[in-house]
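See below for the structure under consideration.
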Amino acid sequence: MRSETTWLRRAITSPEFAERLAPFAKGGGTITLDHAAEASHSFLTALACTAAADHGKKRAWIVHESPRQRERLAAELELWGVTALVLPDVGAIFGRPPETDSELQLAPEAPPLEVQDPETAAEWFAILETLAVSDSFAVLLGSEQFQQYAPSPNALLSNRTHLKPGLILDPTAFAETLTTHGYERFPTVTARGHFAIRGGILDLFPFQSPRPLRLEFFDTELESIREFDLNSQASTRKVAQIDLLLTEPPAVATIADYLKPDDAVIRIVAGTCSPSPSEGLAVPPSFLITENTAENEIEEDFTLATYASPLGTFDAGDFVLDELRRESFFKQLNEWQREQWDIGIVFSTKGELERFTELSGKDLERDLGLTPVIGELISSFTLPVTKLAVLSSSELFGRYRTPGAARRSSVEKARVIRARATLDDIEPGDLVVHYEYGIGKFKGIAQEEEGEELQIEYKDGSILSVPLEQAHLLGKYVGVGGKTPDLNKLGNATWQKNRKSAEKSILDYAARLLRIQAEREHDQGHAHPPDTRWMFEFEQSFHFTETPDQKQAILDTKHDLEAPRPMDRLICGDVGFGKTEVAIRAAFKAITGGKQAALLCPTTVLAEQHWRTFRERFSDYPIRVDLLNRFRTASRSESHHPRPRRWLRRYGHRHPPPHLRRCRLQGSRPRHRR
């Protein structure tokens, strides 16, 4: 049994908790766990779920009013062995719910759900199906969500279309059914609501399914069902069977209709709020977890109270640099160890665990009495009644994830799909470019005697007819800026001259690039040393899982740094896809190899953001991170002032720091060592 599960079970079976939980077994009123510090809410919630499951109540509804805290709880409950779903806020899903009593009585005729966000809707419907059919789950939601409109459980299940291999199904008729229910046929499936047919294969991305599906037919027999990747279009996983919700049933019920008599309802009240336990709920809660005193309690009882860690929180770098606080930390550990407490410490990654072990210089379990655990816990807490202290590495190192970053969603969020420049993207009235004749306006497709032809309008109303088989000569016009270009004139040599001039410029530029690249290949650069143990620990301390492309970019960058030639690499990616982490690891490799790193940012705000990120990531290591931008006073930021020069003299012969600065690449400026 895992240590964290052992601590949970030990608390449930302790005499004090057993006495408090006893009425639950007899079907008594609400069990209150009061004086509960916010840091311990996930532990006590898992305790309540486990106690309810011990008595046959394996369907748990966890009510918290804060969406952010629901995400945090879902992430932390994983640590205690509870996988919880988070029901999305229906405000992001519903358009108009039924408005009158008579409308509520019209089941088939009631207005269907008007979905605004297909990804949120897919997750919402998937969770509703779990609530309707599963005998074991934990779901997080707000009290107001019980009153939100939803399809009834029976309507949800009766509207499903069951598919499995061996089923006799005419693909042509099925395609017509899809079209009737709002699906669109495309050459390739790229988004929800699309389907495509190629021979005996029907690709489909259902509105309420987490991933697109590939149905393979032999005549009218369904041979196999597979999921596939939208980007590569390659099959990924075989599916034994699938239930498709092709028709969205009307919203004639509420979420409260999914409650069953034996379900456990766990309410968490944060802060100083003290509503009635049943306020806003369809049924009285089985458990109430509150930071306040229990309702109607004459004398406060702190027997089962939980508290925040007496160690407090550390800013980034304090645990490494502040010796007094570090000594205080180990002193508290020794005191708990003498009193025979169970002490656990939760690390987000193995890298953080190894770094902490190195900093402590001791065996965690033998010398410090610490039990290391890999998981997610934002804040530390203590439970004196069972002599349990659970510490969070996030507090020690001053690094926190955004709540919900580690949560396992029931639906994979939509991937970013590169736009495909096909005729399907060109609408009548759009500007197009013909390779030979230049910029014109697309008028549409006309049926001529020899086949379909594309009609392109040019200056003075001239029309160019392009056979459909020559569509590859056309492209949608993509301009720079908001100016609309003039149409070219048929028979005029202007377009040919402009095209040839552009082609010559491109060839000249390509020649310059080739010459520069040849010079770079010939020149000798600095070969940085291979990765060290510090580099391994630093990479393992990254809070998130690298994407495949991000991981490849990091490997390529490190390979370039270790090569004996000048580095020449451009990392491209959309916002939020991990480019900064690639730069952080490159800087770390350069600095630990004895060099200095400078990060040039296009704006002062971005320089400030990166400065904070670098400080946080480098906080466990003897690396100084400084900032130069216009937010600093003129006496500190101008390159001609002696202050930056004092910085450079200070760092010149030691471990050089990375400087995050925004500057013009001209004129006088600080010179950094390579």
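Find the centroid of the Cα atoms in region 1-49 and in region 358-376, then give the distance between the two in whole Å.
Rounded to whole Å, the Cα centres lie 26 Å apart.
Over region 508-625, what is the relative contact order in percent, taking alpha-carbon pairs closer than 8 angstrom and at least six residues apart?
Relative contact order comes out at 26 percent.
With a sphere of radius 13 Å drawn around the Cβ of Gly200, what net charge do the other residues whose Cβ falls strictly inside it have (Lys, Arg +1; Asp, Glu -1)?
The answer is -4.
Residue separation times 0.36 nm, minus the C-alpha to C-alpha distance between Ile374 and Leu167: what's the value?
Result for the pair: 70.0 nm of gain on full extension.
Could you check the simple spin-label distance between Asn231 and Ala25, using points 7 Å along Cα→Cβ, in nm with one decimal?
According to this spin-label approximation, the distance is 5.3 nm.
Assigning unit charges at the beta carbon (Lys, Arg +1; Asp, Glu -1) and nothing else, what dipole magnitude in debye, to the nearest 20, does region 474-570 show about its Cα centre?
960
Report the label-to-label distance for Glu221 and Tyr435 in nanometres (one decimal), using points 7 Å from each Cα along the Cα→Cβ vector.
4.7
Accessible area per residue for region 451-512 in Å², computed with a 1.4 Å probe and the full protein assembly in place, what is it?
Heavy-atom accessible area per residue stands at 71 Å².
Using a 1.4 angstrom probe and counting only protein chains, how large is the accessible area of Tyr437 in Å², to 10?
100
Output the relative contact order of region 152-223, whole-number percent, from Cα pairs under 8 angstrom with separation of 6+ residues.
The value is 28 percent.
Give, in nm to one decimal, the length gained when the segment between Gln470 and Arg569 is fully stretched (0.36 nm per residue of separation minus the Cα-Cα distance).
Here the segment from Gln470 to Arg569 would lengthen by 31.9 nm.
In terms of Cα to Cα distance under 19 Å, which lysines are near enough to Lys489, apart from those fewer than 8 places away along the same chain?
Filter leaves Lys441, Lys443, Lys459, Lys476, Lys497, Lys500.
The values are calculated or read from the model by the stated rules, or taken from the named source; none is laboratory data. Every value quoted in this text rests on a predicted model; they were computed, and no experiment measured them. Note: ideal-geometry Cβ built from the backbone for every residue, glycine included; neighbour counts use all protein chains shown. With ligands, DNA and RNA removed, areas are computed over all heavy atoms of the protein, side chains included. Shrake-Rupley method; radii C 1.70, N 1.55, O 1.52, S 1.80 Å.
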